[in-house]
Amino acid sequence: MSGRDLFCQPRRFGRGAALTLVFASVLVAGAATGSLPEGDRKTAQDRGGSTAPAGHHEKVAEAAEEAMAAGKSPMEAAERAVSRSGDRWGAVYSQGEYEEFEEALDGRYTGVGLWARRERDGRIEVTKVRAGSPAAAAGVRAGDRLRSVDGEKVDGRPVTEVVSLLRGDAKDAAAGTTVTLGLERGTRVWTETLRRASLSTESVTVRKLADGITVIKIDSFTKGSGDAVRTAVRQAPAASGIVLDLRGNSGGLVTEAVTAASAFLDGGLVATYDVEGAQQALHAEPGGDTTRPLVALVDGGTMSAAELLTGALQDRGRAVVVGSRTFGKGSVQMPSRLPDGSVAELTVGHYRTPSGRGVDGKGITPDLDADQRVIERAETVLSGLGPQS
């Protein structure tokens with residue numbers, strides 16, 4: 001989530017990067033927090049609190065309540081408490097920001113449908129425009145320079161600030177609201193006023209290589225992405241190899257990562273995780289394709305639920321992992337509602353791969369290091385792999 005292609009980002013960051021990373025990755029390609037399976041989330045919420053380490057959520061909640069009683073901002077007090085807690089992935093979000101987060105994990109967002117990045121000279125360049133989006137309808141193209149948003153110059157600003165301007169304040173970012181872009185293409189300089197729209201993400205894309213290999217790219221684990229992977233595997237040519245591209249995938253919904261693992265495993269353990277010291281296990285569904293040659297591509301942007309999937313395929317001998325060491329985010333967060341409606345998302349546990357490896361702070365080492373021509377390296381590996389038994 002820096003110098004990466006982004007198009008939706010919350011305005012408030014605080015210490016915790018969790019939701020910031022979620023937005024950057026879930027909606028494009030960056031880093032994201034892992035989310036507990038829905039059953040565990042519900043169990044914790046039904047208890048009226050969370051499953052965070054003892055005192056962690058309580059201290060944050062107490063700080064928020066004391067601030068509210070004193071007529072101060074509960075959210076700001078909670079942010080300070082999270083910052084002091086040492087929780088690297090803990091963060092506090094307004095009610096509106098958290099609703100946007102949940103929409104993102106559902107594969108939906110409100111925006112104009114463009115990705116942008118900051119060049120070395122500080123200029124903001126459009127890198128991609130979603131087909132059928134307001135930006136596409138207005139004729140915005142990849143390569144255009146974004147000069148301003150609603151009259152505010154954007155040169156030199158962090159991309160996170162630029163996409164915040166594109167997104168608008170949480171309360172004013174509904175579909176149908178307008179945003180005016182200052183654009184430049186060659187010698188042409190002009191402005192376009194666009195109406196934000198409710199759009200859906202495309203977290204799973206599939207393409208075929210000339211030699212019949214199927215490449216399944218997963219940008220993030222949003223709702224439905226696991227089933228999309230299983231469908232892509234079923235539709236791939238019989239006995240052909242598959243490249244599962246997890247580069248830049250920072251995670252999302254753990255349940256979707258487990259569903260994706262089920263496309264390649266016939267049941268069995270995917271990962272374990274601890275909550276308040278109690279061990280829980282995640283299992284694949286039976287019936288996956290266990291014989292088709294498989295290579296998983298990873299890099300330093302492969303995080304969280306994507307590392308969980310990679311570790312399962314590697315530990316169980318199902319895939320050859322190619323690329324560079326993954327990020328190393330093996331923690332799981334859970335939300336807790338504060339008195340003013342804001343939400344504290346705090347770390348509640350860590351997961352391990354089927355062989356018991358901890359990922360947090362360590363990452364996953366690929367079987368074959370490759371920094372360049374990674375797809376070509378994957379093809380070479382697949383050419384030497386026959387159907388597995």
Does residue 348 fit the bill of being outside any loop (DSSP other than H, G, I, E, B), open to solvent by less than 50 Å² (accessible area, probe 1.4 Å) and under 24 Å from residue 230 (Cβ atoms)?
no
Result of the Cβ filter at 8 Å on the range 242-253, keeping first residues that are over 7 Å from residue 297 (Cβ atoms) and partners that are open to solvent by 10 Å² or more (accessible area, probe 1.4 Å) and of a type in the set (S, T, N, Q), at least 6 apart or interchain, is 252/203
Any chance the range 169-177 includes a residue that's modelled with pLDDT under 95, open to solvent by less than 10 Å² (accessible area, probe 1.4 Å) and over 19 Å from residue 108 (Cβ atoms)?
no
Here the qualifying pairs (Cβ atoms under 8 Å; residues six or more apart or on different chains; first in the range 254-277 and in contact (Cβ under 8 Å) with a residue 40 or more places away in the chain and over 23 Å from residue 102 (Cα atoms); second open to solvent by less than 10 Å² (accessible area, probe 1.4 Å) and acidic (Asp, Glu)) come out as none
Restricting the range 285-330 to residues that are of a type in the set (A, V, I, L, M) and part of a loop (DSSP other than H, G, I, E, B), the one modelled with the lowest pLDDT turns out to be 303
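Residues checked against (1) part of a strand (DSSP E or B); (2) in contact (Cβ under 8 Å) with a residue 24 or more places away in the chain; (3) surrounded by 23 or more Cβ atoms within 10 Å (Cβ to Cβ); (4) among the small types (Gly, Ala, Ser):
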| position | (1), (2), (3), (4) |
| --- | --- |
| 92 | yes, yes, yes, no |
| 96 | no, yes, no, yes |
| 110 | yes, yes, no, no |
| 122 | no, yes, no, yes |
| 132 | no, no, no, yes |
Residue set 214, 193; condition in contact with a Gly (Cβ under 9 Å, 6 or more places away or on another chain) and over 29 Å from residue 331 (Cβ atoms); output residue 214
Exercise for review: Would you check if residue 232 is modelled with pLDDT under 95 and over 19 Å from the mean Cα position of the chain (by Cα)?
Suggested key: no
By residue number, the members of the range 323-335 that are open to solvent by 20 Å² or more (accessible area, probe 1.4 Å) and of a type in the set (Gly, Ala, Ser) are 324
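From the list 148, 198, which one is more than 30 Å from residue 377 (Cα to Cα), open to solvent by less than 60 Å² (accessible area, probe 1.4 Å) and not in a helix (DSSP H, G or I)?
On the way: 198 fails: open to solvent by less than 60 Å² (accessible area, probe 1.4 Å).
After applying the criteria, what remains is 148.
Considering each of 117, 84 in turn, give the residue that is surrounded by fewer than 23 Cβ atoms within 10 Å (Cβ to Cβ), touching an Asp or Glu at 6+ places or on another chain (Cβ under 7 Å) and of a type in the set (Lys, Arg).
117
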Condition check for residue 265: open to solvent by less than 40 Å² (accessible area, probe 1.4 Å) and part of a strand (DSSP E or B): no
* Asked: Is the range 178-186 home to any residue that is among the polar types (S, T, N, Q), more than 21 Å from the chain's Cα centre (by Cα) and either surrounded by fewer than 18 Cβ atoms within 10 Å (Cβ to Cβ) or in a loop (DSSP other than H, G, I, E, B) (or both)?
  -> yes
The residue that is most open to solvent (accessible area, probe 1.4 Å), considering only those in the range 134-145 that are in contact with a strand residue (DSSP E or B) (Cβ under 6 Å, 6 or more places away or on another chain) and part of a loop (DSSP other than H, G, I, E, B), is 142
Residue 248 at pLDDT below 90, on the phi > 0 side of the Ramachandran plot and not acidic (Asp, Glu):
yes
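Please tell me if residue 192 is surrounded by fewer than 19 Cβ atoms within 10 Å (Cβ to Cβ), in a strand (DSSP E or B), out of contact with any Pro (no Cβ under 6 Å at 6 or more places or on another chain) and without any contact (Cβ under 8 Å) to a residue 24 or more places away in the chain.
Criteria not met by residue 192.
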Within the range 204-218, the residues that are under 21 Å from the mean Cα position of the chain (by Cα) and either modelled with pLDDT under 90 or among the hydrophobic types (A, V, I, L, M, F, W, C) (or both) are 204, 206, 215, 216, 218
Of (1) under 15 Å from the mean Cα position of the chain (by Cα); (2) more than 13 Å from residue 364 (Cβ to Cβ), residue 299 satisfies every one except (2)
With respect to residue 163, determine if the residue is open to solvent by 70 Å² or more (accessible area, probe 1.4 Å) and within 20 Å of the chain's Cα centre (by Cα). no
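Is at least one residue of the range 257-270 touching a Phe, Trp or Tyr at 6+ places or on another chain (Cβ under 8 Å) and among the β-branched types (Val, Ile, Thr)? I'd like the intermediate steps shown before the answer.
So in the range 257-270, the residues touching a Phe, Trp or Tyr at 6+ places or on another chain (Cβ under 8 Å) come out as 257, 260.
From what's left, among the β-branched types (Val, Ile, Thr): none.
Looking for residues that are touching a Phe, Trp or Tyr at 6+ places or on another chain (Cβ under 8 Å) and among the β-branched types (Val, Ile, Thr), one finds none in the range 257-270, hence no.
The values are calculated or read from the model by the stated rules, or taken from the named source; none is laboratory data. Keep in mind that what you see is a predicted model, and the values were worked out from it rather than measured. With ideal geometry, Cβ positions are generated from the backbone for all residues, glycine too; neighbour counts draw on all protein chains shown. Surface accessibility is based on the protein's heavy atoms, side chains included, excluding ligands, DNA and RNA. Shrake-Rupley method; radii C 1.70, N 1.55, O 1.52, S 1.80 Å.
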